[in-house]
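The values are calculated or read from the model by the stated rules, or taken from the named source; none is laboratory data. As the structure is a prediction and not an experimental result, all values here were calculated from the model. Virtual Cβ from ideal backbone geometry, glycine too; neighbours counted across all protein chains shown. Quick note on the areas: whole protein, heavy atoms, side chains included, nothing else; ligands and nucleic acids left out. Shrake-Rupley method; radii C 1.70, N 1.55, O 1.52, S 1.80 Å.
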Amino acid sequence: MHDLKTSIPKAEDWVSSLDGRMGETAFHRYQDILFPSLPSESIISLQEGDTPLYDVSPSFPNFGSLKLKHEGMNPTLSFKDRGMVTGVSWANNLGCTHVICASTGDTSAAMAAYAGASPNMKGIVLLPKGKISPEQLAQAITCGAITIGIETDFDGCMKLVQELTNKHSIYLLNSMNSVRIEGQKAIGIETLHQLSWKVPDWFVIPVGNAGNISALGKGLRELYKLGVIDKLPRLAGIQTEGASPMHESYKHGFADLIPQKAKPTKASAIQIGAPVSFKKAVRELKHFDGVVETVSETELMDWKAQIDSQGISICPNSAVAVSGAINLRNNDVIKAHEDVVVILTAHGSKFSNTAVKYHSNNTNQFANQMLIIKPTIDKLEMALNL
Ligand code: F0G
């Protein structure tokens, strides 16, 4: 897409210039590696990026170190904002008046917001009816996108959006659009900058449509090629047991994709049976000596509760990655001395129904059930064991 040797002729100069640019938004700071040819007057930004990298190692002494990169702390509460800066800005640069995506709820929220922030752009979102959270739905509607619920799953929406954009000139902003991938490279690059370019042994990331793992790999490869980093981490992609086409392929030596009918999961954003970026993702996984793991519904919800309880509010999809990292450590795929970064992809507040339901059920291991009482001091004291 671009010649990085022209935009970044000397890695050391680029790296040292970044320190003086911390006041800029992340996209501007890293633009020379993300998307150098995007004209600055076309950029639509909601000040995404600069998300926290939490060090939770003290709670996980069986890891060398464990850090959580919280992409849910972006303007629309998911990592999708990273790719929408580039996606919507490029559409703006091309003069597109309509942009479209199929979505499990986060791409649609981000696209709707960035289209809303553009001077002259309408978002159109195709959603699997009844399969996204109310908060995600509200994001698309309130940002003014034309919002269409379709009686199918994500894969069905994806097929329709491809058919439509083949027939009509509406700009497609799913992650199969490589412009989005360029923006999403920022997640890995920013993480490494936060780590002073000390490369961890592993990046662990949830996989749905497989765009994000492709972006992570591409960004890291480019950093390596430029000489900014001198080592490659390994990648681990994590899926749920019921929606695991990438895992099936991995088990068979990265065999060709066999599309699945993805089963419902609490991690609804990754209920995807035919990942559009499958081939790109496999290429990156092979390059980074990658592995693919699955987790159960109980595992992911229990880990969500445990991370949430530390004040780090995560979505069930992010919990898939946390839970996967734990399983890989327990199986000794991740070794005891290794440094691990888990990418959290969205904020817990986007999935409050799922959380409240978990905590309302006392049979769940980490449930924190709400107590309901009559309005008397006696009852209150009794509830508090006073
Ligand atoms: N986590 C969250 C919160 C997501 O919304 C998604 C994908 C993923 C992980 C997986 O990323 O698809 O690049 O492998 N959400 C898309 C959407 C499909 O429409 O919002 P991926």
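Observations, loosely collected:
- Tensor-based shape of segment 84-187 (alpha-carbon gyration tensor, a/c under 1.5 rounded, otherwise prolate or oblate): rounded
- Candidates I307, I238, I44, ranked by Gaussian network fluctuation over the chain, Cα under 10 Å, top entry: I307
- Descending by average beta-carbon neighbour count within 10 Å, the peptides 328-338, 102-112 line up as 102-112, 328-338, the highest first.
- Sum of side-chain charges, A145 neighbourhood, beta-carbon under 14 Å (Lys, Arg +1; Asp, Glu -1): +1
- Packing-based order for 46-58, 6-18, 85-97, using average beta carbon neighbours within 10 Å, highest first: 85-97, 46-58, 6-18
- Mean residue ellipticity (222 nm) of the chain, computed from DSSP H runs ≥ 4 via -39,500 (n - 2.57), nearest 500: -12500 deg cm²/dmol
- Within the shell of other residues whose beta carbon sits under 13 angstrom from the beta carbon of G208, the net charge comes to -1, with Lys and Arg scored +1 and Asp and Glu -1.
- Cα centroid separation, segment 159-217 to segment 347-380: 35 Å.
- Furthest towards positive pole of dipole, G227, Q184, V322, structure part the chain, Cβ charges: Q184
- Under the convention that each Lys and Arg Cβ holds +1 and each Asp and Glu Cβ holds -1, the size of the dipole of the chain around its Cα centre is about 640 debye.
- Residues in the chain average 42 Å² of solvent-accessible surface per residue, probe 1.4 Å, ligands and nucleic acids excluded.
- Förster-model FRET efficiency, 30 Å R0, H28 and K5, C-beta, rounded to 0.05: 0.90
- If you take all other residues with their beta carbon under 13 Å from the beta carbon of F154, and give Lys and Arg +1 and Asp and Glu -1, the sum is +1.
- Spin-label model, D50/E248: points 7 Å from Cα along the beta carbon direction are separated by 4.4 nm.
- Only beta bridges with both residues in the chain are counted; by DSSP, about 15 percent of them are antiparallel.
- Extension gain for N93-D13 works out to 25.9 nm (0.36 nm per residue, less the C-alpha to C-alpha distance).
- Counting only protein heavy atoms and a probe of 1.4 Å, the accessible surface of the chain is 53% carbon and sulfur.
- Under 5 Å, built H, 5+ apart or other chain: amide partners of A243: K263
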